[in-house]
Structures are given as C-alpha cells and as structure tokens.
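Remarks on the structure that follows.
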Amino acid sequence: MDEPYTVDTKISEVISDPVLGEYGRLIFPVDRGSCSSDTLGDLRLAWYSDTDPDKTVEIANYLRARAAAGQTVFYDIYTDEEKADDPAKEDTGLFFFKGKAGAPFAVCNAGGGFAYVGAMQDSFPHALELSKKGYNAFALIYRPGAQTACEDLDRAISFIFENADRLEAGTDCYSLWGGSAGGRMAAWLGSYGPAAFGGDVLPRPGAVIMQYTGHSEYTGNDPPTYACVGEEDWIANWRVMERRLRRLSSLGIATEFHHYPGLSHGFGLGTGTVAEGWIDEAMDFWEAQMDNDRK
C-alpha cells in the first residue's frame, strides 16, 4: 500500500518500520515521556495544542513513501567519530523534505522547552508545506539544551552549505523557522550568525520565521523577521513578541507580526483555527526578502 499508516497505527510500529531504518526512532521524541500516546491519531506532545491527526498520518506516510522509493529522507550531520566522542549526537540529524532542484532551503526547528524535540507538531508539518511550494525544507532533530541545540543548528546549516550540490538546495536567502524553543534557536542564529556557535563563517539567514516564543534579545544586524503567537498563550506573551518586532522595525529591519485571539501555545500550522493560513503569509514574507536581495 502507498499509505500503510492510519490514525490507528501504533507509534511503535512507525518507529520500528524497517523501511525507515535506524532513523525511524527520531521521528518522535527520543524522550518518550514527552509523548505518552500509543497511536498516530492520539499523538499528544507536552506544551502543544491543536495537534492535527490527519497531518501526523500524512507526514509519517510521506517519509515512508520517499524512503521506500529509495530517496534519502534523513542525513546525519555528525561523523561516526564525533558521535563516538559524544553519544548524544546519535540523536541528531536532518529530515529532508525535498522541493525543486536549486530552490532555496529552510531549516525548521521544533520546540519542546529544550527538553525534547516536538518535530511532529512544530517542524515536520512546516517542512512538508514548504516542500509542497517547491522549497527544500529540513527539519532538525537536535540535542536538548539551548547551547547544544544552537550548536546542532549551526552544524546543520554548515552541512547544507557543504552539500548544497548533492542536496540540490539553493543557499541564497535561506530561512530559519522555529516555534517556542525552536523560535529562540532561529532568532539566536539570525542575530549572531552560525559562526557564533562554533561553526563555519556563513551568511546569516535571509529571513527568520518564529512562532510563540517570548524571546526579547536582538541586534541591529538581525534578519527580516516574521512572528506569530496566540493571545491566550500561557508561555509566550504576545506583547513581548510585539515589542521585539517593533524594536527591530525601528532599526529599519523588515518585520511582520500577527497575534491571534483565543489561541494558546503550540498551535503549529493552526489548521482549523483562526491562525490557519499563517504559513502562506510567512512564505510570502520570505519571498519578499528574496525579491529585495535580487534588486
């Protein structure tokens, strides 16, 4: 069957599916305490709301179908020697949602309070939608902890630049996406550049797209930034996000900000909510930065 998974498929079956190989276990949080669900249809992740069972099933089937077709779905970002020196690096890597050859790339970073990686709600859905629009999208599985997470994001960006020809990914005006803790990662790398976290000296992203994080730090060199959040978010206050975007704007940095009544933390794509369609607006914002770069 082309789509063997359903809402009734056990998460353990996906993790152990031989088609997905050793990386099947990284599709869901390695720390299983953050994901107590049994099936794809009842997936629940700590601190997240509005999980879409149909999207969860779609993503799992997408990854399996590509792997079954012999396409590379997952890339290690660390060498065997590096993983032997630091076994936590075994739990890192990039899931690839391939777009058009030569199209710009995006790296999506899930939240999880720097305690786990909530990719199935907060980065896989975004990467899949970006790939449907033709962009080459990557979802990073990183080590918990703010510093190590940023180091992994830095390494991921370096990996993509080093392997751009093989990946058929354009490196001009790339973007960083993230929700909650992942939003902080995207913002930090945007503010200080990849080299600040021990990696290669590379261009800053052309755009940062962030959701529901109370991150207030910024510099005069921040990239253009799009942000959105729910007004009922009990973790990220929307007014804190608004103040940061206003300060960036006052420095001449392009910004766009949206806050949605009634929404709480971790709405992801926001399907079926007042936020539905925000990702299209965010892509428009990123594309506007591409157009500015060409002028």
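Remarks
- Under a 5 Å amide H cut-off, with hydrogens placed 1.01 Å from N, Ala207 pairs with Leu176 among residues at least 5 apart or on other chains.
- If you look at the Cα atoms of region 159-266, you get an Rg and a Dmax of 14.5, 44 Å.
- Within region 210-295, the ratio Rg/Rh, alpha carbon atoms throughout and Rh by Kirkwood, equals 0.98.
- Extension gain (nm, one decimal) between Ser16 and Glu232, 0.36 nm per residue minus Cα-Cα: 74.0 nm
- With DNA, RNA and ligands ignored, accessible area of Leu45 (1.4 Å probe; Å², nearest 10): 10 Å²
- Expressed in units of 2.2 N^0.38 Å, where N is the residue count, the Cα radius of gyration of the chain is 0.93.
- What the Cβ-Cβ distance of Gln71 and Arg246 gives, at R0 = 51 Å and to the nearest 0.05, is a FRET efficiency of 0.75.
- Distance from the alpha carbon centroid of region 60-99 to that of region 121-190 works out to 13 angstrom.
- Placed amide H near Gly179: partners under 5 Å, 5+ positions off or other chain: Asn109, Gly111, Gln211
- Region 61-109 gives an Rg/Rh value of 1.05, both radii derived from C-alpha positions and Rh following Kirkwood.
- Per-residue [θ]222 nm for the chain (sum of -39500 (n - 2.57) over DSSP H runs n ≥ 4, rounded to 500): -10500 deg cm²/dmol
- Karplus 3J(HN,Hα) series, Hz, for region 114-131 with 6.51 cos²θ - 1.76 cosθ + 1.60 (x for Gly, Pro): 6, 10, 7, 10, x, 4, 5, 10, 10, 9, 4, x, 5, 5, 5, 5, 4, 5
- Karplus-based coupling profile of region 280-285, in residue order and whole Hz: 5, 5, 5, 5, 4, 4, with θ = phi - 60° in 6.51 cos²θ - 1.76 cosθ + 1.60 and x standing for Gly or Pro.
The values are calculated or read from the model by the stated rules, or taken from the named source; none is laboratory data. Keep in mind that what you see is a predicted model, and the values were worked out from it rather than measured. Because the Cβ atoms are built from the backbone with ideal geometry, glycine has one as well, and the counts that use them run over all protein chains shown. When the accessible area is computed, the model is the full protein with side chains, heavy atoms only, and any ligands, DNA or RNA have been set aside. Shrake-Rupley method; radii C 1.70, N 1.55, O 1.52, S 1.80 Å.
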